[in-house]
Amino acid sequence: MRLDDYDQDINVEDQRGAAGGGGFGGGGGGLLLGLLPMIGSRFGCGGVVVALLLLAVFGGLGNLGGLLGGGGSAPSTQVLRPAGNGETLAQKCDTQAARAACNAFSSAQNTWEAIFARSGQRFVAPKLVFFGQQGGQSGCGAAMSAMGPFYCPSDQGIYLDTGFFDELTNRFQAPGDFAQYYVIAHEFGHHIQNLTGISERVQREQQRLGRAEGNALSVRLELQADCYAGVWAAANRDRLEPGDIEEGMRAAQAIGDDTLQRQSQGRVVPDSFTHGTSAQRQEWLRRGMESGDPAACDTFSGAV
């Protein structure tokens, strides 16, 4: 996909030189427990119960190597000083992976700003925050590489350790620039949900529901973000190159809950899904691409 001309008018923060991201234990279970406050904030009580179930059943399956949609963490007591103060945008988007993220972020921002303008809605741009293996700090708590890319509604930031792009290629067997752009476009979709109030409505609903029902709402939220990523791709169809759509579909297939659970545990537990199956993720990404219409991304009506 031809995205080599990112807009200079984007908000990029560089925390890759910051030291320490907060104190979590070494195991997946310890990380999952550390994530509970953020899970509760984002997904309500149902999300917390789901996380506890994952811990009990899978011994920490909640850390699946960076599910799109991300996680979050318990607030850290360590105050980090962001690195790169005074850096130019080119210095922040310095590596090939960082430039890819900046390109996709800029494109998504321009796309959604135009969509909001056409519908008479007020658009507020998020920020893109890079952090490294040593961790970083978000408005939702510590940012850690094991959490994968995530969106923090508290500070409207999309957080990314660009090393995840290598994992996408090597671990998930989903190479290609469009697969990387899909990661950013999906997280941008969560920002759109935050702006439109969808995330808040889901959280309120989850607080009164049981585990299974609350978890099902989380799946619908994530699938809508996939569809929004497809809407972005459709709006930039003239920049697509041969093979791009296939790259996106491979990425969506690779990070489906059923695929990840089967690879990690050898079994699938549908009640524990939080992002949707591979087939569901591919389907909603495809719907967004084919329609180019955010209204077609209503994952909260009918079956998904």
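The values are calculated or read from the model by the stated rules, or taken from the named source; none is laboratory data. Just so it is clear, the model here is predicted, and its values are computed rather than measured. As a convention, Cβ positions derive from the backbone with ideal geometry for all residues, glycine included, and neighbour counts pool all protein chains shown. Areas reflect the complete protein model, heavy atoms only, side chains present, ligands, DNA and RNA absent. Shrake-Rupley method; radii C 1.70, N 1.55, O 1.52, S 1.80 Å.
Residues in the stretch 146-179 that are among the aliphatic types (A, V, I, L, M), out of contact with any strand residue (DSSP E or B) (no Cβ under 7 Å at 6 or more places or on another chain) and closer than 19 Å to ASP94 by Cβ: how many?
The total comes to 0.
Among the residues of the stretch 96-117, are any open to solvent by 30 Å² or more (accessible area, probe 1.4 Å), of a type in the set (Gly, Ala, Ser) and at pLDDT 95 or above?
Yes, that holds for at least one residue.
For the stretch 171-193, indicate whether the set of residues that are assigned to a helix (DSSP H, G or I), open to solvent by 20 Å² or more (accessible area, probe 1.4 Å), without any contact (Cβ under 8 Å) to a residue 60 or more places away in the chain and of a type outside the set (A, V, I, L, M) is non-empty.
Scanning the stretch 171-193 turns up no residue that is assigned to a helix (DSSP H, G or I), open to solvent by 20 Å² or more (accessible area, probe 1.4 Å), without any contact (Cβ under 8 Å) to a residue 60 or more places away in the chain and of a type outside the set (A, V, I, L, M).
Looking at the stretch 269-281, which of its residues are in a loop (DSSP other than H, G, I, E, B) and closer than 23 Å to GLY248 by Cβ?
PHE273, THR274, HIS275, GLY276, THR277
Just give me the residues in the stretch 200-209 being part of a helix (DSSP H, G or I), in contact (Cβ under 8 Å) with a residue 60 or more places away in the chain and surrounded by fewer than 21 Cβ atoms within 10 Å (Cβ to Cβ), in sequence order.
Hits for the stretch 200-209 are ARG204, GLU205.
Mind checking which pairs have a first residue in the stretch 254-268 that is without any contact (Cβ under 8 Å) to a residue 60 or more places away in the chain and within 15 Å of GLN173 (Cα to Cα) and a second that is open to solvent by less than 30 Å² (accessible area, probe 1.4 Å) and part of a helix (DSSP H, G or I), Cβ under 7 Å, 6 or more apart or different chains?
Between residues of the stretch 254-268 that are without any contact (Cβ under 8 Å) to a residue 60 or more places away in the chain and within 15 Å of GLN173 (Cα to Cα) and residues that are open to solvent by less than 30 Å² (accessible area, probe 1.4 Å) and part of a helix (DSSP H, G or I), the close pairs are GLY256/SER278; GLY256/ARG281; THR259/SER278.
What number of residues within the stretch 210-232 are hydrophobic (A, V, I, L, M, F, W, C), open to solvent by 10 Å² or more (accessible area, probe 1.4 Å) and in contact with a Leu (Cβ under 9 Å, 6 or more places away or on another chain)?
Count: 2.
Considering only the stretch 124-153, state which residues are assigned to a helix (DSSP H, G or I) and surrounded by fewer than 23 Cβ atoms within 10 Å (Cβ to Cβ).
SER145, ALA146
When you check ARG239 against the structure, is it over 21 Å from PHE116 (Cβ atoms), surrounded by fewer than 23 Cβ atoms within 10 Å (Cβ to Cβ), more than 16 Å from the chain's Cα centre (by Cα) and among the basic types (Lys, Arg), yes or no?
no
Answer yes or no as to whether GLU246 is open to solvent by 10 Å² or more (accessible area, probe 1.4 Å), outside any helix (DSSP H, G or I) and under 24 Å from GLN109 (Cα atoms).
No.
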